[in-house]
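Down below is the structure, laid out as structure tokens.
Just so you know, all these numbers are worked out from the coordinates, no wet-lab data involved. Everything quoted here is computed from the prediction, not taken from an experiment. For neighbour counting, all protein chains shown are included, and Cβ atoms are generated from backbone atoms with ideal geometry for every residue, glycine included.
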Amino acid sequence: MKVFVIPSWFPSKTKPHYGIFIKEQLEFLAKERPDWQIGVSTWGQGDSRKLLWAKDHFFNLKKILNNIRDKPSINQVSSNLTHYYQPALSWTKKIKRGNLANLIKSSKKNFDKSIAQYGAPDILWVQASFPGALIGNHLSLKYQIPYVVHVRFGGFMFENLLRDVGKMRGEFLRSINDANKVTTTSKSQFESLKHYIPEATVIPNPVNTDFLPVTENQGEGILAIGRFELEKGFDILIDSMKDVGSTLTIVGNGSLLKKLQAQVAEMRIENKISFVGELDRMQVKKLIHNCSFLVLPSTYETFGNVLLEALSCGKPVVATKCGGPEEIVSVNLGLLCEPNSKDLAEKINLMIKNRSAFDPKTIRNEVEERFSPHAWTEKIEELFKSVVKV
């Protein structure tokens, strides 16, 4: 199988974590299917050096000049996985469609390099819908190659994206629905998109089980990880802690940091809650191994990758019923609750009381069966084979 990938999100020098899960999933696929050839198109997705902002003329000019000097490159990740880089600028979609023509041109050059290395692809795989779906649709029509779009936004975030693309809305939706297959990470995400996307195949995200091994350490304290934004529900979690007899460590950053810190101070529970900022993956793994269990307090989630990270280590979880977690957390893996501080506090206390009932090896075995790279690759191969004949 030869696959050409068009990721709307991908790590860059200024944003090394931007779409890193897409990068890692492609590495899973290359490792699990060494006979496949995978080419990846990159142009500086999310790179602040490639984004032009209105009324920022001095820095925009500097970015334009630097982009002219920027050279294409090829990164041979493994024998069957290659990243092709062809730099391109992006700006507001109100002017020349956000430079979409040049983004397509950059991916076309990357596409040609992939053909030169691996031969013509059997399938185009769009990861995250904008602008990837528009690029994938263009290449599919030009070269008569089928394409699959994985939509990573759900519900209100997708609606915000539609407002942002403005006049391109109709073309953008057509580029998704004209795909040979559309996929989402959860049933709840698909339900939130049914008004725009009438049919989709659900393929849950995998977790890096090799990087996150199981531990028998029962640990101490509660751990929470995420962005400090409204839908992540950290205000609900903090409010619940007044009725919880344990400590809480919170990993992350975001626009609500000061507000959340003020909430902790106002409640006078500074001795219970620690904000440790953004950490690298090794530091996060260590915290997971040393905690008793993880809490996800979101009011909306399309999936819940952080749950899988904790579960892979054999740690149980407490999560709100907010979409994705309901499709992850079975009775062997943890507890679900309503997204309010009262029920969250009750379930956290119940987990503290019954923590020993959740066996690390049982948790890990279920994760490997349902969410390991191997299990995920099997689903991807089935998907691709339903589209192409190889």
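Between 0 and 90 degrees, the angle of helix 257-267 with respect to the longest Cα principal axis of the chain falls at about 10 degrees. Can you give the net charge of the other residues whose Cβ lies under 13 Å from the Cβ of Val214, counting K and R as +1 and D and E as -1? Around Val214, the surrounding residues sum to -2. Between Lys108 and Gln261, residue separation times 0.36 nm minus the direct Cα-Cα distance comes to 50.3 nm.
Applying a DSSP loop filter and a limit of 14 other Cβ atoms within 10 Å to the trypsin sites (Lys or Arg not before Pro) in region 334-390 leaves Lys389.
P(r) for region 222-371, from all Cα pairs and a bin width of 5 Å, is 2, 10, 21, 24, 23, 14, 5, 1, 0 %, short bins first. Helical content alone sets the calculated 222 nm signal of the chain at -13000 deg cm²/dmol, taking -39,500 (n - 2.57) per DSSP H segment of four or more residues and averaging over every residue.
With R₀ fixed at 35 Å, the C-beta to C-beta distance from Asp359 to Asp35 puts the FRET efficiency at about 0.40. Stokes-Einstein at 4 °C, 1.567 mPa s, Kirkwood radius from Cα pairs: D for region 291-381 in µm² s⁻¹? Diffusion coefficient, whole number: 98 µm²/s. Straight-line cross-link reach from Lys321 at under 19 Å between alpha-carbon atoms covers these lysines, not counting any fewer than eight positions away in the same chain: Lys187, Lys232, Lys342, Lys347. With the simple spin-label model, which puts each label point 7 Å out from Cα in the Cβ direction, the Phe156 to Lys71 separation comes to 4.8 nm.
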